[in-house]
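The values are calculated or read from the model by the stated rules, or taken from the named source; none is laboratory data. Here the structure is a predicted model, which means the values were calculated and not measured. Counting neighbours? That spans all protein chains shown, and the Cβs are built from the backbone with ideal geometry, glycine included. The protein model used for the area step is the full one, side chains on, heavy atoms only, and it has no ligands, DNA or RNA in it. Shrake-Rupley method; radii C 1.70, N 1.55, O 1.52, S 1.80 Å.
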Amino acid sequence: MSIIDKKIAMLVDNYFEQVEFEMPKRLLEEEGADVTVIAARDKILHGMNHAKPGDVFQADTLLEDTEPTAYDILLLPGGVINADTLRMIPTAREWVNSFMDEEKLIAAICHAPWLLVSSDVVEERRLTSYYTLQDDIVNAGGEWIDQPVIVDKNLITSRKPGDIKPFVTAIKEWFEDKK
């Protein structure tokens with residue numbers, strides 16, 4: 001099995017970390033994956049370059065207009081504002097739980113594991129994230145590890161923009177290992 005033709009739901013809200021949105025999307029599409037940008041609330045989205053405003057993007061669809069069953073992978077870019085907002089959206093948490101129940105792949109980078117914490121899916125799981133989330137993960141019953149990428153069953157997590165290439169490689173390898 002490979003990443004070719006896999007349907008990826010890239011779930012974001014406003015003010016995501018732009019490089020964590022653009023680079024994985026481009027790299028996975030170059031490998032043949034079909035990436036759909038799903039906005040939590042508004043199709044017009046704003047990226048961030050750390051603390052500075054980034055570019056404006058257009059989502060393909062809204063969260064309320066699609067179902068998790070249509071996708072093979074849930075991809076969660078980071079960004080403090082994006083992640084903090086997503087974790088409080090019940091439908092976003094329902095999507096995480098649906099992917100976990102179906103043992104479909106969830107890939108989250110930087111601050112995105114906040115949604116995993118709020119979805120109550122990190123207990124007894126190994127994760128990484130941006131270092132400021134480590135207490136949240138540990139307090140939710142997970143094990144936080146400071147490594148570029150952690151793969152724990154159907155959950156792939158990564159720390160920061162500098163880890164994007166190994167993060168994308170881990171996503172591709174997860175499907176290659178399913179042969």
Choice from GLN134, GLN147, GLN18 with maximal GNM fluctuation in the chain (Cα, 10 Å cutoff): GLN147
Contact order normalised by residue count of the chain, Cα under 8 Å, 6+ apart, percent: 21
Net charge of Cβ neighbours under 14 Å - reference GLU103; Lys, Arg +1; Asp, Glu -1: -1
Farthest positive-ward along the chain dipole, Cα basis, beta-carbon charges - from GLN18, ASN97, GLN134: GLN18
Of THR132, THR61, THR85, the one that fluctuates the most in a GNM where the chain has Cα springs shorter than 10 Å: THR132
Fraction of accessible area attributable to carbon and sulfur, the chain (%, probe 1.4 Å): 45
Segment 101-179 - Kirkwood radius from inverse mean 1/r over Cα pairs (Å): 12.3
Inter-label distance for LYS43 and ASP177, nm, one decimal - labels placed 7 Å from Cα along Cα-to-Cβ: 3.8
Computed lengthening from THR69 to ASP146, 0.36 nm per intervening residue step minus Cα-Cα distance: 24.5 nm
5 angstrom amide H check on TYR130, placed H, neighbours 5+ away: CYS110, HIS111
Cα-Cα pairs of the chain separated by more than 26 Å (percent): 19
Percentage relative contact order, segment 1-52, counting C-alpha pairs under 8 Å, at least six apart: 52
Ranked packing of 62-69, 99-106, most packed first, by mean Cβ within 10 Å: 99-106, 62-69
Inter-label distance for GLU31 and GLU123, nm, one decimal - labels placed 7 Å from Cα along Cα-to-Cβ: 3.2
LYS52/LYS7 FRET efficiency (R0 30 Å; Cβ-Cβ; nearest 0.05): 0.40
Per residue accessible area in Å² of segment 115-179, where ligands, DNA and RNA are left out and the probe is 1.4 Å: 50
Accessible area of TYR130 in the full protein assembly, 1.4 Å probe (Å², nearest 10): 80
Helix-derived mean residue ellipticity, 222 nm - over the chain, DSSP H n ≥ 4, -39500 (n - 2.57), to 500: -9000 deg cm²/dmol
